[in-house]
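Notes follow once the structure below has been shown.
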Number of protein chains: 2
Amino acid sequence: MTKHTPRTHFVRNSRVLRRADEIIDAAARVFAQRGYHGTTTQAIADVLGMRQASLYYYFPSKEAALEEVCARGTDGFVGGAERVLQLDAPPLEKLTLLIASHLAPIDTMPDYVRVFINERRYLPDASRKRIGRKSRRIERIFELVIEAGIEDGSIKPGVDARLTMLAVLGMLNAVINWRACDQCQDIEAIAAGFVRLVADGIAVTNSAVKR
Amino acid sequence: MTKHTPRTHFVRNSRVLRRADEIIDAAARVFAQRGYHGTTTQAIADVLGMRQASLYYYFPSKEAALEEVCARGTDGFVGGAERVLQLDAPPLEKLTLLIASHLAPIDTMPDYVRVFINERRYLPDASRKRIGRKSRRIERIFELVIEAGIEDGSIKPGVDARLTMLAVLGMLNAVINWRACDQCQDIEAIAAGFVRLVADGIAVTNSAVKR
DNA sequence: CGCATTTTCGATAGACCTATAGATTCTATA
DNA sequence: TATAGAATCTATAGGTCTATCGAAAATGCG
């Protein structure tokens, strides 16, 4: 009753929510830079100019902060992908939109995405599985669209949908790791380049000559 | 003079070398699984059934072990890529070989590669730069081969060599992260699938109809 | 302004981790 | 088998980190 018990971890008014947001944002930044285990709660507090202990008014543990950062990282992806899947468009166009949609969070919230990609494996079992489900859902959406393309004849029949999906997601997720240091290409150009690569390949197919 | 000073860290006979190898191998395994900062020297010792303190007979620090693991991780890549570059073959064939060659270490020494890819950023400045140079060399080799293809007309003139290189390395390096959990496809099939994707794309180019 | 509530703070317990030091056991050889 | 040197051990200093607790400051409301 009269004990300390900040109910804040359960009920949250908008002020608390906003401050919690700032903390999550700082956590995302530091986790992204130094990795989860390489990050001290002190470092997170430093970003905000507050004391290390004060963080615990908003979050029960460092692990909980990681969980929240990862959750926001995935949601950026899932929402967009799910929306593209619902569209009424030919598969190749959907794939184009999926690629652009997947690059969006990488562009707008790179820290969250980076943490989601690189640090989610350090989550406790329960939440890692939850995040894993979303992650597999994203994969499945790419796979479904590619399969649809094979079925309607717009994608080559021999193509391995699963392998292609893994390849495409691989190149997309890699952007997170080179965008920072590389000559920061604009995201539209990257998307366009990827789409051309995936759709048409880079080889000059001199079909008349070759067969 | 008569002090303890095990010279082992500097002079190494073959016995010491072999044991050091075992330790590095254990370190690679644990680093790969839990990340550098998530790994305790105790966990490395556990793998070998030896005491935590005994590791320090072979290595001056945990950081030095990471350095060695990363070095071996890169060397697997660089050697192969450099050899392919020297070959006298058309660019597209070189690219095919580069892809296969890059997948080889991922297949045969996944722990080292994983650590190299995910943990190298935690190396101290000096060695991180050294590793970084090798890493950039690998990128450059892919880029050179693609550029050569553009010049000799076997690769489409509009292709962005740098972006393509980043895409290809992205999909290749991603293999490390799904090979373990996914239905472990054989590496040859993965290589073949990637080559087809990169060279020809997945879209049905109904050139007669489309233009 | 005075009081209740919310938010932040200082201090630190308790756990854990790297790396060192000196003792001890193992190994090989004469 | 006695001995030197190599390899491993036990113990722990010294440091860091998370999370807690109760006090203090800030906030907002009557």
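The values are calculated or read from the model by the stated rules, or taken from the named source; none is laboratory data. Keep in mind that this is a model prediction, so the values were computed, not measured. In this analysis, Cβ positions are derived from the backbone assuming ideal geometry, glycine residues included, and neighbour counts consider all displayed protein chains.
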Check B:Pro105 against each of (1) over 26 Å from B:Asp200 (Cα atoms); (2) assigned to a helix (DSSP H, G or I) and name the one condition it does not meet.
(1)
Can you find a residue in segment B:140-163 that is in contact (Cβ under 8 Å) with a residue 40 or more places away in the chain, among the aliphatic types (A, V, I, L, M), more than 18 Å from B:Leu98 (Cα to Cα) and part of a helix (DSSP H, G or I)?
no
What are the residues in segment B:51-65 that are more than 14 Å from DNA strand D (Cβ to nearest atom) and more than 13 Å from every other protein chain (Cβ to nearest Cβ), if any?
B:Ala64, B:Ala65
Of the residues A:Arg72, A:Arg34, only one is charged (D, E, K, R), within 16 Å of DNA strand D (Cβ to nearest atom) and closer than 26 Å to A:Cys181 by Cα; which?
A:Arg34
Any chance you could count how many residues in segment B:115-157 are among the polar types (S, T, N, Q) and away from chain A (no Cβ under 13 Å)?
1
Those residues of segment A:78-95 which are assigned to a helix (DSSP H, G or I) and acidic (Asp, Glu) amount to A:Glu82, A:Glu93
Against the condition surrounded by fewer than 19 Cβ atoms within 10 Å (Cβ to Cβ), more than 16 Å from DNA strand C (Cβ to nearest atom), modelled with pLDDT of 95 or more and more than 14 Å from chain B (Cβ to nearest Cβ), how does A:Leu48 come out, does it pass?
no
Quick one: is A:Asn173 more than 7 Å from chain B (Cβ to nearest Cβ) and touching a helix residue (DSSP H, G or I) at 6+ places or on another chain (Cβ under 9 Å)?
no
Restricting to segment A:26-40, what's the tally of residues that are part of a helix (DSSP H, G or I) and either near DNA strand C (Cβ under 10 Å from one of its atoms) or surrounded by fewer than 17 Cβ atoms within 10 Å (Cβ to Cβ) (or both)?
2
